[in-house]
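Data block below; observations after.
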Amino acid sequence: MSAHLDHRSAAVLAAQARLRKGILVLLLIIAAGIIGYRQLEGWTFVDALYMTITTLTTVGFMEVHPLSDAGRLFTIVILITGVGTFFFIAGTFTEYVIGGSLTGVVRSRRMQRQIDAMTGHQIVCGYGRVGEQVALDLEEDGLHVVVVEKDSSALQRLGDRFPCVTGDATDEAVLARAGIARAAGLVAASGEDTANIVITLTARGMNGTLQIVARGGADEAASKLMRAGANQVISPYRLAGRRIAAQLQSPRVSDFLDLVMHSRDVEVWLREVTVRPKSRLDGRPLAECRLADELGVTLLAVSEGGSGHLLTSPPATLSLGADDILIVLGTTEQLRRLNVLAGNAS
């Protein structure tokens, strides 16, 4: 959202509380008017109610019955307190609408409906510098992103860029609102290792097939995150250090990898393709697949069964199987055709 969403929520609750108080006072004035007219003038309930309402609304109708002096003084009190209460309610409601509270509620509900319609999206928990970059890169790759954040300054920076759920990502209810049951992946990008461990543990318990990548700061956090259910743990500091060292030693290789992974100015991409069961690649040796000759893609490595162990320069006699992951380099069209053969697209 474009303002501090947690502050906006507080403003909504405060405005609603004032409206409730104003309406309660108005009801008490109506009750007091009914009782007063019945006691002072001896009127029936209907006559007392009618006189109270016409007084409060200042419509100017004639009196139901002639009033005594006490009744007239009582009417003045009802008129002053009632009109004052009406102005209070009207002012509060105007502030509620013009101040953006009502608009915020409508926009939040519209955004929640948008999230509820998503399937196969990516959830980014934490919109700090790391989380923001992750969300931007995922968006550039054409993926749908939902951000979970509770910090007001981060929410203000987020603006309307991504659908957002305001709250603590360690809370199951918050992750449920982010559509975790339908999501394809989740990034635990909080700046605190403890929070990322709890986020990972909670997310894994809610979706057993979710691809979870967690940010880890301390060395000992990595093993805890893996035990909590993360598929992979990334240390921004270690990654940055390796990248700097690689840039010093092999700057052209480092630039090339960055180019084929992230740049929009090239026609080739470095991607991974999963071999699906009963696809045209399942059970066939690499020599028969003719990936380079027929598709034009370059096969760099194979992860058998998605085990994580990479077999570089795989032999032509290697038979591909279900859930094998191919690390390939190719154009958009070449990768599309390979995905068709691997059973990932029609």
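The values are calculated or read from the model by the stated rules, or taken from the named source; none is laboratory data. Here the structure is a predicted model, which is why all the values come from computation and not from measurement. All Cβ positions, even for glycine, are placed from backbone atoms using ideal geometry, and neighbour counts span all protein chains on display.
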Which residue is nearest to Ile29 (Cα to Cα), if the candidates are limited to the stretch 45-86 and must be of a type in the set (A, V, I, L, M) and touching a helix residue (DSSP H, G or I) at 6+ places or on another chain (Cβ under 6 Å)? Ile78
Which residues, taken from the stretch 127-145, are touching a residue at least 24 places away in the same chain (Cβ under 8 Å), over 11 Å from Leu158 (Cα atoms) and buried (at least 18 other Cβ atoms within 10 Å of the Cβ)? Val134, His144, Val145
Residue tally, condition closer than 13 Å to Ala90 by Cβ and among the hydrophobic types (A, V, I, L, M, F, W, C), over the stretch 16-31: 3
Against the definition (in contact with a Gly (Cβ under 8 Å, 6 or more places away or on another chain), among the basic types (Lys, Arg) and either in the same structural domain as Gln211 (by TED's automatic domain parsing) or part of a loop (DSSP other than H, G, I, E, B) (or both)), how does Arg182 come out, yes or no? yes
Among all residue pairs at least 6 apart or on different chains, which show Cβ distances below 7 Å where the first residue, located in the stretch 188-203, is within 21 Å of Val145 (Cα to Cα) and the second is acidic (Asp, Glu)? Thr202/Glu172
Specify the residue that is surrounded by the fewest Cβ atoms within 10 Å (Cβ to Cβ); the eligible residues are those in the stretch 268-306 that are on the phi > 0 side of the Ramachandran plot and within 37 Å of the chain's Cα centre (by Cα). Lys278
Which residues, taken from the stretch 38-76, are of a type in the set (D, E, K, R) and either assigned to a loop (DSSP other than H, G, I, E, B) or closer than 26 Å to Gly22 by Cβ (or both)? Arg38, Glu63
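The rows are residues; the columns are (1) assigned by TED's automatic domain parsing to the domain that holds Leu175; (2) at pLDDT 90 or above; (3) closer than 24 Å to Asp141 by Cβ.
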{"position": "Ala203", "(1), (2), (3)": "yes, yes, yes"}
{"position": "Leu210", "(1), (2), (3)": "yes, yes, yes"}
{"position": "Val213", "(1), (2), (3)": "yes, yes, yes"}
{"position": "Ala218", "(1), (2), (3)": "yes, no, no"}
{"position": "Lys224", "(1), (2), (3)": "yes, yes, no"}
{"position": "Ala240", "(1), (2), (3)": "no, no, yes"}
{"position": "Ile244", "(1), (2), (3)": "no, yes, no"}
{"position": "Ser254", "(1), (2), (3)": "no, no, yes"}
{"position": "His262", "(1), (2), (3)": "no, no, yes"}
Exclusive hit being at pLDDT 85 or above and not acidic (Asp, Glu), set Thr58, Thr52: Thr52
Return the pair list, or none, for Cβ contacts closer than 9 Å from residues in the stretch 235-248 that are closer than 22 Å to Ile197 by Cβ to residues that are assigned to a helix (DSSP H, G or I) and aliphatic (A, V, I, L, M), at least 6 apart or on different chains. Ser235/Ala221; Ser235/Ala222; Pro236/Val130
If you check Ala322 against the conditions, is it assigned to a loop (DSSP other than H, G, I, E, B), in contact with a Leu (Cβ under 7 Å, 6 or more places away or on another chain), among the aliphatic types (A, V, I, L, M) and not assigned by TED's automatic domain parsing to the domain that holds Thr209? no
Kindly indicate the residue of the stretch 46-75 that is hydrophobic (A, V, I, L, M, F, W, C) and under 54 Å from the mean Cα position of the chain (by Cα) and also surrounded by the fewest Cβ atoms within 10 Å (Cβ to Cβ) among those meeting that condition. Val59
